[in-house]
Each structure stands twice: as C-alpha cells, then as structure tokens.
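The values are calculated or read from the model by the stated rules, or taken from the named source; none is laboratory data. Note that the structure is predicted; figures quoted are calculated from it, not measured. Heads up, the Cβs are rebuilt from the backbone with ideal geometry, glycines too, and the neighbour counts pull from every protein chain shown.
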C-alpha cells in the first residue's frame, strides 16, 4: 500500500492577510473544540491515510501548543505552500500528499478516501487527483470546502524547484499551480457527487458569514461524525442559507 499523509496548511503568519483569517478562525471553537483540532480529528478518520500534519510558516505559539492528538505540527520559515507540502512529504517519506487548507471544518474523510483510492490505483502514471464539477471545474469544488487535493510527492518536489514562479496569494490550489507551471503534468479529475455539484453550497470558512453558517450547521447536527450528505440536506432545506451561500460563492 502506498504511503499517504494529510497536510493541513495554516499559511504564513508573517503576512497580514493570513493573520486576519487563519489566525482568527483556526483557534475558534466549534462544538467545544478548536477548528484546527476538529479538522485534524476528522481527517484522522481517513482509512487510507497514514498520518496527519498541521503546518504553516511563523505559526504563533498559541497554535503550536494546542495539541491535537496523534497529529504532528511543523513550523517553517516564510516559504511557498508547495515548499511546505514537499518538505512534509520528505519528512514523512510519503508517496501521496493530501493538501487541505485550514478553513474546512466539515472536511469529509469519505470524500478524501475516494480521491486517494484513485491516486493509489493510478500510481506513478498520475501527478494529481482532485474533484471537479460539470460546469465549474475544480474552482467550484474548491469553494465547496468539503475535500482536499491529492498530489504525488515527486510532483510537489518538481513544483518546489519553481516555487518563485507560483502565485503566492492567500487562495491556494494545487490544480492551478500545476496547470500554470513549466513541464507536463498528468492531472486526473473525478466528478464530485451529483448532490454536491451546485452553486449554492459552501462549507469553507473565509469570513464571519461563513463562520455563522458553520455554527448554525453544528448547532443543527450536534455530533462530530456528520457526513456531507446530512449537511447538504440541511442547506438545501433552508432557502435563506442557500441564497446566502450562493451570493458568497460569486
């Protein structure tokens, strides 16, 4: 079995825009536990994952000492996200890396495992596996915020050599890097489940409105192992919530 790890990336805290988002939400509590710990616990339930890592650059001590169980935290100097991902792959001696930004409280282990199964089956013939929608490509799925992206460790090392050419904004996406980087990369896209292929679903947290939605969903679900099917039904049944999510998705 190929070795696979999940990397939750907090971003670079030396940059003001990251301090305004990751620092603000990662430590907030949802259901009595910090958001970053909740994500780590949910991702540790992936059956095809051998380890979960929380990484970032210039992480404040308050986050370094939060202590998610069975999760390793790595703090780097300022560098591009792909450099952090490649460094963790080197440290863990992993073949596959699942990249998950640290703003996805309802990230789903089942969806992650389905991507990893495709990647492991493809082996060295594939650089990347991610979900896509019929009409919005990977961008629409990225806004959905329920899953991550799977990349081969060797592919991340290739990206690392050109890190200075990659976009360095807060919004990060492996598919975008690979599609705009020198060289040929084999990207495989898997159709997102039909129930999720909508413009009015949004489960990532980027602003206070997103956080309010996350709290509302948690208060309604009230248990940690809620799966994407239940969350989707809740949103679809609430027209006000759907309309608000669609507006924020743009």
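When you scan region 27-48, how many residues do you find that are closer than 24 Å to residue 91 by Cα, surrounded by 18 or more Cβ atoms within 10 Å (Cβ to Cβ) and in contact with a helix residue (DSSP H, G or I) (Cβ under 7 Å, 6 or more places away or on another chain)?
Number satisfying all stated conditions: 5.
With respect to residue 50, determine if the residue is closer than 20 Å to residue 149 by Cβ and at pLDDT below 90.
No: the conditions fail for residue 50.
Only residues that are at pLDDT 85 or above and either farther than 18 Å from residue 64 by Cβ or outside any strand (DSSP E or B) (or both): list them for region 10-26, please.
Those that are at pLDDT 85 or above and either farther than 18 Å from residue 64 by Cβ or outside any strand (DSSP E or B) (or both): 13, 14, 25, 26.
One residue is enough: does region 124-134 have a residue meeting the conditions in contact (Cβ under 8 Å) with a residue 60 or more places away in the chain, in a strand (DSSP E or B) and surrounded by fewer than 23 Cβ atoms within 10 Å (Cβ to Cβ)?
There is at least one residue in region 124-134 that is in contact (Cβ under 8 Å) with a residue 60 or more places away in the chain, in a strand (DSSP E or B) and surrounded by fewer than 23 Cβ atoms within 10 Å (Cβ to Cβ).
Can you name the number of the only condition in (1) farther than 22 Å from residue 96 by Cα; (2) modelled with pLDDT of 90 or more that residue 136 fails?
Result: residue 136 fails condition (2) only.
Within region 90-105, can one find any residue that is within 17 Å of the chain's Cα centre (by Cα) and surrounded by fewer than 17 Cβ atoms within 10 Å (Cβ to Cβ)?
no
For residue 143, are the conditions met, namely being part of a loop (DSSP other than H, G, I, E, B), under 26 Å from residue 31 (Cβ atoms) and touching a residue at least 24 places away in the same chain (Cβ under 8 Å)?
no
Against the definition (assigned to a loop (DSSP other than H, G, I, E, B) and closer than 14 Å to residue 10 by Cα), how does residue 62 come out, yes or no?
No, not satisfied.
I'd like to know if region 85-106 contains one or more residues that are in contact with a strand residue (DSSP E or B) (Cβ under 8 Å, 6 or more places away or on another chain), within 26 Å of residue 201 (Cα to Cα), assigned to a helix (DSSP H, G or I) and touching a residue at least 60 places away in the same chain (Cβ under 8 Å).
No: region 85-106 contains no residue that is in contact with a strand residue (DSSP E or B) (Cβ under 8 Å, 6 or more places away or on another chain), within 26 Å of residue 201 (Cα to Cα), assigned to a helix (DSSP H, G or I) and touching a residue at least 60 places away in the same chain (Cβ under 8 Å).
Only one of (1) more than 22 Å from residue 154 (Cα to Cα); (2) touching a helix residue (DSSP H, G or I) at 6+ places or on another chain (Cβ under 6 Å); (3) free of Cβ contacts under 8 Å to residues at least 60 places away in the same chain; (4) surrounded by fewer than 18 Cβ atoms within 10 Å (Cβ to Cβ) is not met by residue 71, so which one is it?
The single condition residue 71 does not satisfy is (4).
Quick one: count up the residues across region 65-83 that are outside any loop (DSSP other than H, G, I, E, B) and either at pLDDT 95 or above or over 15 Å from the mean Cα position of the chain (by Cα) (or both).
Here the count works out to 7.
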